[in-house]
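The values are calculated or read from the model by the stated rules, or taken from the named source; none is laboratory data. Note that the structure is a prediction, hence the values are computed from the model and not measured. Cβ placement follows ideal geometry from the backbone for every residue including glycine, while neighbour counts extend to all protein chains displayed. The accessibility values were calculated without ligands, DNA or RNA, using every heavy atom of the protein model including side chains. Shrake-Rupley method; radii C 1.70, N 1.55, O 1.52, S 1.80 Å.
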Amino acid sequence: MSGLNDLLYKETYGERDIETLLSLRTPEDVEKLRARANEVLGEYVGDSVYYRGIVEFSNICALDCHYCGIRKSNKQVERYSLDRDTVVSSALWCAGQGYGSVVLQSGERRDPAFIDYVEDLICEIKRITVSDKLPEGVGITLSVGEQSLETYRRFFAAGAHRYLLRIETTDEALYQSLHPASQKLEERKLCLGFLKEAGFQVGSGVMIGSPGQTTAMLARDILFFKEQDIDMIGMGPYLVHNQSPMASKGQMEKSELLQLSLNMIAVCRIVLKDVNIAATTALQAVVSDGRERGLSYGANVTMPNITPTEVRSSYKLYEGKPCMDEGRQECRSCLLGRVRSIGRDVAFDQWGDSKHFAARKTGTARTV
Ligand code: SAH
């Protein structure tokens, strides 16, 4: 494409610029995009990869997102909730392995018992993971959905300091087609604001390739992340779950879905610069080396699964989720091999916080 070099080095990006970059498909153009993303990665955040050991501690969910395998109405799922000892000992295992951070993820509940439970988990994990290497314990990222400002404040006070809440899409009509009428895009936006107010490093992201989504919508999603000063990005390809109401709508052809997802990572790196970006598990559901590819397009975070093997298959958000029969030890060595296979290395015993967060706190953001 003529003019691509100029586009890759622009100071500010508009919707059309981003759309053009997301649409690149010839091998030469895609390689230029990937190379530029890596250049920005090296310049702004460095090429270390940070681990977040993820514990999917419960699949009980009060919501009914049309795309999700563990939605409330899916009666075929065997529901579970891990007990305190199991979750806390998983976090301790992470600390022992040198994973500087954990993610606690679950279905969505807003009842007081759940909130108390999560708060208690955070306090206990913080307490028992303090060591010489991690003087403040492991870093805790939460991914437990939409909650009140008061609840977010309690979780933050207990010691969690990052939170993932995907916007899924910023397009009003698409959002509504993905969710029941009771779930509103405005609510989700409000929650992202609450998270910031409560002091969290805020992560968001979208499902890529959901039915009805256009490249222009994805471009506007990236501009939204920029406007909202989002610190961390976690995005993944949309994949069908056979027991969901969206199954009949099908999914994007896999090679196109993969390239679009990789381009999203690269363009987020180029436009947002100093944020953390995850190479998510869903990429590996599209192609076996999906996560390495995500890293090689500018991602710098990945999440080894430490959920006990017995319950993994009950936390199936989409078909083809990988690593279902494996244990945390296997996931450890497998993922390390994957990261090293592309010439990168894992930064052990570090939280690996978002540089964007540090910059927005001190007012020294290098965003342009
Ligand atoms: N309940 C929490 C966390 C679990 S879901 C929450 O909603 O934040 C985490 C993410 O999984 C969602 O944000 C969604 O983007 C993704 N997800 C769910 N179903 C999916 C599917 N069928 N394909 C791809 N991603 C999916």
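Quick notes
- ASN38 being in contact with a Gly (Cβ under 8 Å, 6 or more places away or on another chain) and either open to solvent by 60 Å² or more (accessible area, probe 1.4 Å) or within 16 Å of the ligand (Cβ to nearest atom) (or both): no
- Summed over segment 183-222, the residues that are within 17 Å of ILE233 (Cα to Cα) and of a type in the set (D, E, K, R) give a count of 5.
- Matching residues in segment 1-22 - criterion: being touching an Asp or Glu at 6+ places or on another chain (Cβ under 9 Å) and assigned to a loop (DSSP other than H, G, I, E, B): MET1, LYS10
- Every pair of residues 6+ apart whose Cβ atoms lie under 8 Å, when the first sits in segment 57-70 and is among the charged types (D, E, K, R) while the second is more than 8 Å from the ligand (Cβ to nearest atom): ASP64/ARG71; ASP64/LYS72; ASP64/SER73; ASP64/HIS179; ASP64/PRO180; ASP64/GLN183
- Matching residues in segment 316-346 - criterion: being among the aliphatic types (A, V, I, L, M) and within 16 Å of the ligand (Cβ to nearest atom): LEU317, MET324
- Pair list, Cβ under 7 Å, 6 or more apart: segment 217-230 residue among the aliphatic types (A, V, I, L, M), other residue surrounded by fewer than 18 Cβ atoms within 10 Å (Cβ to Cβ): ALA219/GLU15; LEU223/GLU15
- If the condition is being open to solvent by less than 30 Å² (accessible area, probe 1.4 Å) and either in contact with a helix residue (DSSP H, G or I) (Cβ under 8 Å, 6 or more places away or on another chain) or of a type in the set (Val, Ile, Thr) (or both), then segment 304-317 contributes PRO304, ASN305, ILE306, THR307, PRO308, VAL311.
- Residue check, LEU22 under 23 Å from the mean Cα position of the chain (by Cα), open to solvent by less than 60 Å² (accessible area, probe 1.4 Å) and not polar (S, T, N, Q): yes
- Taken as a whole, the condition of being out of contact with any Cys (no Cβ under 6 Å at 6 or more places or on another chain) and at pLDDT below 95 applies to SER2.
- Here LEU7 meets the list (1) in contact with a helix residue (DSSP H, G or I) (Cβ under 7 Å, 6 or more places away or on another chain); (2) exposed (fewer than 15 other Cβ atoms within 10 Å of the Cβ) almost entirely, failing just condition (2).
- Residues of segment 169-193 classified as within 14 Å of the ligand (Cβ to nearest atom), open to solvent by 20 Å² or more (accessible area, probe 1.4 Å) and either in contact with a helix residue (DSSP H, G or I) (Cβ under 7 Å, 6 or more places away or on another chain) or acidic (Asp, Glu) (or both), total: 2
- Test result for GLY199, under 26 Å from GLY352 (Cα atoms) and touching a residue at least 24 places away in the same chain (Cβ under 8 Å): yes
- Restricting segment 51-63 to residues that are within 10 Å of the ligand (Cβ to nearest atom) and small (Gly, Ala, Ser), the residue that is surrounded by the fewest Cβ atoms within 10 Å (Cβ to Cβ) is ALA62.
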